[in-house]
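Asker: Below are the structure tokens for one structure; questions will follow.
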Amino acid sequence: MDLDADARVPVDAVMTELHARVRERLRAQIVASGGSPAFHDPSLFADVEAILHTAASASDATKLILPELLGDPDTWRLTTSMRYQSHRSRGPAALLVLLKRHVLMPVFRWLYEYSRDNFERQRRTNQVLFACVQELALETAQLRREVRRLSPSAPGAARPEPPPEPHPESSDAR
């Protein structure tokens, strides 16, 4: 099956339209569920989304300041895998690893289930922090817009009008 040049689909245009539809649906959902009233402006929402997308896609820790401020990653990164090991010789080590797997792990699982409330509180705290970050991104986008609008050096920025020059007839020569 051959496609001639006229039948080809411009992928970039289709993807741009798809992203715009998804963004609009998300914006409408957030506004309908009581989100910030500033999100009634679709272009402002797009600016906020772009800022958050940039922040979320910064997966390289060398580009971020906060990990440097936190210090050694071993002190703040979660270690979720458990290693069953022992420094003892083979016989006693195998016995201790067996004890860890079959006695201690069930106790740890019970403690995990017992502390699930704490994890739920942490999830809620994270949700609140995400909302705060979103509000900060919103304010940042609004402020960037205002700076661009007021800045005479920015391309396409509105330049302040010079004050009107006085008419020669209205001079103080009376």
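The values are calculated or read from the model by the stated rules, or taken from the named source; none is laboratory data. Please read these numbers as outputs of a predicted model, since none were measured by experiment. Note: ideal-geometry Cβ built from the backbone for every residue, glycine included; neighbour counts use all protein chains shown.
Asker: When you look at R145, is it modelled with pLDDT of 75 or more and surrounded by 10 or more Cβ atoms within 10 Å (Cβ to Cβ), yes or no?
Answerer: yes
Asker: When you look at A13, is it at pLDDT 90 or above, part of a helix (DSSP H, G or I) and either loosely packed, with under 10 Cβ neighbours inside 10 Å or in contact with a strand residue (DSSP E or B) (Cβ under 7 Å, 6 or more places away or on another chain) (or both), yes or no?
Answerer: So A13 passes the test.
Asker: Test R23 against the stated conditions and say whether it is surrounded by 12 or more Cβ atoms within 10 Å (Cβ to Cβ), at pLDDT 70 or above and not acidic (D, E).
Answerer: So R23 fits the description; yes.
Asker: Okay, next question. Please find, within the stretch 41-79, the residue that is modelled with the highest pLDDT out of those that are in a loop (DSSP other than H, G, I, E, B) and of a type in the set (A, V, I, L, M).
Answerer: The qualifying residue modelled with the highest pLDDT is I65.
The rows are residues; the columns are (1) modelled with pLDDT under 80; (2) closer than 30 Å to G35 by Cα; (3) assigned to a loop (DSSP other than H, G, I, E, B).
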residue: S81; (1), (2), (3): yes, no, yes
residue: G91; (1), (2), (3): yes, no, no
residue: L99; (1), (2), (3): no, no, no
residue: L104; (1), (2), (3): no, no, no
residue: F108; (1), (2), (3): no, no, no
residue: F119; (1), (2), (3): no, yes, no
residue: Q122; (1), (2), (3): no, yes, no
residue: V128; (1), (2), (3): yes, yes, no
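Asker: In the stretch 149-168, is there at least one residue being at pLDDT 55 or above, under 22 Å from S43 (Cα atoms) and either in a helix (DSSP H, G or I) or charged (D, E, K, R) (or both)?
Answerer: Looking through the stretch 149-168, at least one residue is at pLDDT 55 or above, under 22 Å from S43 (Cα atoms) and either in a helix (DSSP H, G or I) or charged (D, E, K, R) (or both).
Asker: Within the set of pairs 6+ apart or on separate chains, which have a first residue in the stretch 26-42 that is closer than 15 Å to A131 by Cβ, a second that is in a loop (DSSP other than H, G, I, E, B) and not aromatic (F, W, Y), and C-beta atoms under 8 Å apart?
Answerer: Listed pairs, sorted by first residue: I30/S36.
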